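First up is the structure itself, then whatever we jot down about it.
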Amino acid sequence: MAERLIVIGGDAAGMAAASQARRRRARADLEIVAFERGHFTSYSACGIPYWISGVVPERDQLVARDPTTFRESFDIEVRLRHEVTGIDLDRREVVARDLDGGREVREGFDTLMYAAGAVPIKPDWARGTIAGVFGVQTLDDGAALRAWLDGEPRPRRAVVVGGGYIGVEMAESLIQRGLSVTLLEQADQPVSTVDPEMGELVAEAMRGVGIQIRTGLPVTGLAERDGRIAAVQTAEGPVPADVVVLGLGVRPNVGLAESAGLPLGPSGAIRVDRRMRVPGVPGVWAAGDCVESLHRVSGLPVHVPLGTHANKQGRVAGINIGGGYATFPGVIGTAVTKVCELEVGRTGLRERDAAAAGFEFVSVVAESTSRAGYFPGARTMHVKLIAERPSGRLLGAQIVGRSEAAKRIDALAVALWNGMTVDEMTALDLGYAPPYAPVWDPVLIAARKAVDALAG
Ligand SMILES: Cc1cc2nc3c(=O)[nH]c(=O)nc-3n(C[C@H](O)[C@H](O)[C@H](O)COP(=O)(O)OP(=O)(O)OC[C@H]3O[C@@H](n4cnc5c(N)ncnc54)[C@H](O)[C@@H]3O)c2cc1C
């Protein structure tokens with residue numbers, strides 16, 4: 001008789017695992033059933049801001065594989081609109097609720113893949129049911145927001161609460177749709193994934209495209225009129241709004257896991273080993289936004305909810321479930337985003353992370369240009385490096401600039417991953433031609449500046 005794999009969560013991590021397991025084990029050997037509480041499988045949440053703005057015209061362009069494809073091409077059964085409500089490890093069963101039919105179903109498993117992702121952080125004031133207030137965690141959330149923006153009366157004033165990268169991307173997409181946009185951030189600056197001076201460059205660019213930014217301003221509540229959002233309340237008074245988007249960050253979706261007794265780590269996410277097994281719970285695997293990862297620079301367990309990790313971790317789990325051998329080596333926190341023309345890249349530790357991890361370090365910011373200074377379209381680029389003192393080992397890097405800035409972080413990520421020193425980096429054989437870089441690439445200029453700082 002075939003073994004049975006149950007997958008909880010039908011997006012990046014869950015379906016990557018299911019597909020990889022299927023590649024290695026045929027239907028006669030392994031039956032695969034995936035439960036997804038939403039309407040979609042294998043969708044790009046990362047693409048939601050670009051569908052909201054209209055850059056990506058059709059919602060279904062964000063769906064890589066639908067349930068029919070999974071059934072017909074992979075022999076994987078997907079139960080959409082089924083929310084798993086319980087895991088019984090002793091009986092090796094999950095309990096799920098059919099959200100449309102109202103029925104409860106129980107399914108046995110030999111192997112369980114937990115890939116329930118993350119849930120948006122919602123303070124008490126955001127928990128009500130005022131129409132016009134949205135998170136953007138899933139494609140269903142995105143679809144609800146898009147329907148509101150396209151509906152009548154047509155919203156004109158948007159407030160985005162929270163200036164993380166999702167809040168920033170949503171502010172961009174709403175301004176591109178022609179709304180007036182205010183971004184409210186409790187901290188002193190948006191984009192706290194980079195250090196303050198780099199975040200200020202991002203804030204400047206956001207103001208430059210017409211986004212109003214109000215920092216150091218905690219939200220205290222929401223005001224409604226006739227059941228529709230009317231304003232966001234702050235300590236400095238109400239900010240009028242016809243639509244509110246919450247971008248307050250996420251936490252790992254571990255409610256079910258915790259109730260079943262799966263171990264959580266210090267970050268609050270599920271603990272897993274290098275092969276994505278849940279330690280001490282045979283036959284149970286987890287991956288994606290619900291798990292914690294090893295940070296390869298600080299050596300600490302961290303929760304870094306990014307699609308790039310969810311896909312890789314899901315693949316690793318699936319290879320192992322399928323009888324192969326694969327490991328996930330950890331993360332260094334590389335991420336890129338943009339606000340209109342301005343691009344932002346970051347990898348490794350910020351100054352505050354380096355200090356918290358106990359490193360002695362120097363940091364430098366080098367200003368140069370994206371192309372040879374004389375070449376049309378050359379734009380200013382800021383590269384920040386943080387290097388351990390005295391070894392010179394790179395600990396972190398951030399880039400803010402226009403035209404080809406963001407993906408330059410990849411060269412720095414590879415250097416960081418491989419433990420290079422800034423001195424070694426000054427000799428890196430990076431590509432040069434005037435349309436692409438000055439003869440000294442901004443990355444090399446920053447490395448030279450860091451070497452000087454270490455000597456000083
Ligand atoms: C707006 C936005 C932009 C982003 N941009 C980027 C980016 O540019 N780059 C990047 O690397 N990452 C980005 N991310 C993050 C990325 O989308 C996530 O890291 C990735 O989707 C995580 O995949 P996952 O499979 O772990 O979780 P999810 O994609 O959250 O999938 C989990 C699934 O589980 C389902 N589920 C949860 N609980 C249950 C249950 N009890 N029963 C059944 N189903 C359940 C959910 O409905 C969901 O579909 C972005 C995220 C958002 C929201």
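Here F328 fits the description: touching a residue at least 24 places away in the same chain (Cβ under 8 Å), assigned to a loop (DSSP other than H, G, I, E, B) and open to solvent by less than 50 Å² (accessible area, probe 1.4 Å).
Of everything in region 334-385, what is in a strand (DSSP E or B) and more than 30 Å from A45 (Cβ to Cβ)? Give them in sequence order. Listed by number, the residues that qualify are F361, V362, S363, V364, V365, A366, E367, S368, T369, T380, L385. Please work out if V336 is buried (at least 23 other Cβ atoms within 10 Å of the Cβ), closer than 25 Å to G419 by Cβ and within 16 Å of the ligand (Cβ to nearest atom). No, not satisfied. Annotation: G419 fulfils all but one of (1) on the phi < 0 side of the Ramachandran plot; (2) touching a strand residue (DSSP E or B) at 6+ places or on another chain (Cβ under 9 Å); (3) open to solvent by 30 Å² or more (accessible area, probe 1.4 Å); the unmet one is (1).
D29 - would you say it is closer than 28 Å to R275 by Cβ, over 20 Å from the mean Cα position of the chain (by Cα) and not hydrophobic (A, V, I, L, M, F, W, C)? So D29 fits the description; yes. Just one of (1) in contact with a Gly (Cβ under 7 Å, 6 or more places away or on another chain); (2) more than 16 Å from the ligand (Cβ to nearest atom) fails for A287. It is (2). Contact map, region 84-102: residues that are closer than 23 Å to V281 by Cβ and free of Cβ contacts under 8 Å to residues at least 12 places away in the same chain paired with residues that are among the β-branched types (V, I, T) and surrounded by 13 or more Cβ atoms within 10 Å (Cβ to Cβ), Cβ distance under 8 Å, separation 6+ or inter-chain. Pairs shown: V95/V84; V95/T85; V95/I87; V95/V105. Of the residues screened, A231 is not one that is modelled with pLDDT of 95 or more and within 16 Å of the ligand (Cβ to nearest atom). Taken over region 271-310, residues that are more than 22 Å from G164 (Cβ to Cβ), part of a strand (DSSP E or B) and of a type in the set (A, V, I, L, M, F, W, C) amount to 4. The residue list L183, L222 contains one member that is open to solvent by 30 Å² or more (accessible area, probe 1.4 Å), of a type outside the set (S, T, N, Q), in contact (Cβ under 8 Å) with a residue 12 or more places away in the chain and not in a helix (DSSP H, G or I), which is L222. The listed residues are R251, R315, R277, and the only one of them that is open to solvent by 40 Å² or more (accessible area, probe 1.4 Å) and away from the ligand (no atom under 14 Å from the Cβ) turns out to be R277. Taken over region 103-129, the criterion of being at pLDDT 95 or above and over 16 Å from D289 (Cα atoms) is satisfied by R103, E104, V105, R106, E107, G108, F109, D110, T111, L112. Pairs are defined by a Cβ separation below 8 Å, a sequence spacing of at least 6 or placement on different chains, a first member in region 189-214 that is closer than 15 Å to Q176 by Cβ, and a second member that is in a loop (DSSP other than H, G, I, E, B) and not β-branched (V, I, T); the pairs so defined are A205/C340; A205/E341; M206/P190; V209/C340.
For Y165, the conditions (1) open to solvent by less than 40 Å² (accessible area, probe 1.4 Å); (2) within 12 Å of the ligand (Cβ to nearest atom); (3) touching a strand residue (DSSP E or B) at 6+ places or on another chain (Cβ under 6 Å); (4) among the hydroxyl-bearing types (S, T, Y) are fulfilled apart from (1). Among the strands (runs of 3 or more DSSP E) confined to region 52-140, the ones with at least 1 residues that are closer than 13 Å to I6 by Cα, under 24 Å from the mean Cα position of the chain (by Cα) and within 14 Å of the ligand (Cβ to nearest atom) are located at 82-88, 111-114.
The values are calculated or read from the model by the stated rules, or taken from the named source; none is laboratory data. These numbers come from a predicted model, not from an experiment. Note: ideal-geometry Cβ built from the backbone for every residue, glycine included; neighbour counts use all protein chains shown. What goes into the accessible areas is simple: the full protein's heavy atoms, side chains included, and nothing from ligands, DNA or RNA. Shrake-Rupley method; radii C 1.70, N 1.55, O 1.52, S 1.80 Å.
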